[in-house]
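Asks: One structure, as structure tokens, below. Some questions next.
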């Protein structure tokens, strides 16, 4: 009896499903800003403590990219000024103490000062340098120069990365009758790519106080025999986290679709 009821229910459901139509409806989801920046009319992307790959000037590229994005997608006036050498400022330390650093070897075209400039190889080297973000006097001085603007700074690490292991990929196979099918295959592969680890710090230029900070981490891997320029990988990784960065200062709208059955 129970089996009969189940069969009847399935028949009714199948019949009803046959009468359904699927409607795809566009939807927009507003996302409120993480930081109330309403008291600011101007924003200054100052510069970053940067390190990692020498193939990309992550300080300069990050400043350029964020200024461009804020011009297009924020109501704040973006200040165009020289990028500040935050790494050099951080190297002097807060209160005169110099953080431990790995000096670079002097090479062709380098001065002795360049050779003594601290080199940040990965995120483990960052903590002593990130103390600069708590130097209220320094940031208030920067803010005074730009009429109390909201200051965006932080750190950016962009490093080469390698990993070996099994990956699953799809492979075409043909049976004895020549019929094609696609099956998942686990293959051991060497892969290489990059890790991007930015930390964005938002500082009140009127007081030098840190208002908000957020850290991201993105990685990308390619087949070992694939040659991808470091700069291309940097922009690809930044594209992934830019929406989150922008929602810090202004409301954004995420567009998508929902499926309705009727």
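The values are calculated or read from the model by the stated rules, or taken from the named source; none is laboratory data. All values reported here derive from a predicted model rather than from experimental measurement. Because the Cβ atoms are built from the backbone with ideal geometry, glycine has one as well, and the counts that use them run over all protein chains shown.
Asks: Identify all residues within segment 47-84 that are assigned to a loop (DSSP other than H, G, I, E, B) and under 15 Å from the mean Cα position of the chain (by Cα); write none if there are none.
Replies: First, pick out the residues of segment 47-84 that are assigned to a loop (DSSP other than H, G, I, E, B): 47-48, 53-57, 74-76, 79-84.
Scanning segment 47-84 gives a single hit, 48.
Asks: Next question, about the same structure. Got at least one residue in segment 87-96 being under 25 Å from residue 232 (Cα atoms), in contact with a strand residue (DSSP E or B) (Cβ under 8 Å, 6 or more places away or on another chain), touching a residue at least 60 places away in the same chain (Cβ under 8 Å) and surrounded by 13 or more Cβ atoms within 10 Å (Cβ to Cβ)? Can you show your working first?
Replies: As a first pass, look at segment 87-96 and keep what is under 25 Å from residue 232 (Cα atoms): 87.
In the following step, the residues that additionally are in contact with a strand residue (DSSP E or B) (Cβ under 8 Å, 6 or more places away or on another chain) were identified as 87.
In the following step, the residues that additionally are touching a residue at least 60 places away in the same chain (Cβ under 8 Å) were identified as none.
No, that holds for no residue.
Asks: Does residue 142 meet the test of being under 19 Å from the mean Cα position of the chain (by Cα) and surrounded by 14 or more Cβ atoms within 10 Å (Cβ to Cβ)? Steps first, answer last, please.
Replies: Working: under 19 Å from the mean Cα position of the chain (by Cα): no; surrounded by 14 or more Cβ atoms within 10 Å (Cβ to Cβ): yes.
No.
Asks: Report yes if residue 196 is part of a strand (DSSP E or B) and either at pLDDT 95 or above or touching a helix residue (DSSP H, G or I) at 6+ places or on another chain (Cβ under 7 Å) (or both), otherwise no. I'd like the intermediate steps shown before the answer.
Replies: Working: part of a strand (DSSP E or B): yes; either at pLDDT 95 or above or touching a helix residue (DSSP H, G or I) at 6+ places or on another chain (Cβ under 7 Å) (or both): yes.
Taking the combined requirement at face value, the residue satisfies it.
Asks: Go through the residues of segment 130-146 one by one and say whether even a single one is outside any helix (DSSP H, G or I), in contact with a strand residue (DSSP E or B) (Cβ under 9 Å, 6 or more places away or on another chain) and modelled with pLDDT of 90 or more. Can you show your working first?
Replies: Pass one, segment 130-146, residues outside any helix (DSSP H, G or I): 135, 146.
Imposing the further condition that a residue be in contact with a strand residue (DSSP E or B) (Cβ under 9 Å, 6 or more places away or on another chain) reduces the set to 146.
Filter once more, so that each one left must be modelled with pLDDT of 90 or more: 146.
Yes, because at least one residue in segment 130-146 is outside any helix (DSSP H, G or I), in contact with a strand residue (DSSP E or B) (Cβ under 9 Å, 6 or more places away or on another chain) and modelled with pLDDT of 90 or more.
Asks: What are the residues in segment 225-252 that are over 25 Å from residue 190 (Cα atoms), surrounded by 15 or more Cβ atoms within 10 Å (Cβ to Cβ) and touching a strand residue (DSSP E or B) at 6+ places or on another chain (Cβ under 7 Å), if any?
Replies: Selection gives 241, 245, 246, 247, 248, 252.
Asks: For segment 219-239, which positions are assigned to a strand (DSSP E or B), without any contact (Cβ under 8 Å) to a residue 60 or more places away in the chain and out of contact with any helix residue (DSSP H, G or I) (no Cβ under 6 Å at 6 or more places or on another chain)?
Replies: Residues satisfying the conditions are 219, 222, 223.
Asks: Please state which one of 194, 202, 216, 177 is surrounded by fewer than 14 Cβ atoms within 10 Å (Cβ to Cβ) and either more than 12 Å from residue 152 (Cα to Cα) or in contact (Cβ under 8 Å) with a residue 24 or more places away in the chain (or both).
Replies: 177
Asks: Checking the conditions here, which among 157, 151 is within 18 Å of residue 42 (Cβ to Cβ) and touching a strand residue (DSSP E or B) at 6+ places or on another chain (Cβ under 6 Å)? Steps first, answer last, please.
Replies: On the way: 157 fails: within 18 Å of residue 42 (Cβ to Cβ).
None of the other options fit; the residue is 151.
Asks: Output the number of the condition that residue 154 fails; it satisfies all remaining conditions of (1) out of contact with any helix residue (DSSP H, G or I) (no Cβ under 7 Å at 6 or more places or on another chain); (2) on the phi < 0 side of the Ramachandran plot.
Replies: (2)
Asks: Picking from 113, 90, which residue would you name as being within 22 Å of residue 60 (Cβ to Cβ), in contact with a helix residue (DSSP H, G or I) (Cβ under 8 Å, 6 or more places away or on another chain) and at pLDDT below 95?
Replies: Working: 113 fails: in contact with a helix residue (DSSP H, G or I) (Cβ under 8 Å, 6 or more places away or on another chain).
After applying the criteria, what remains is 90.
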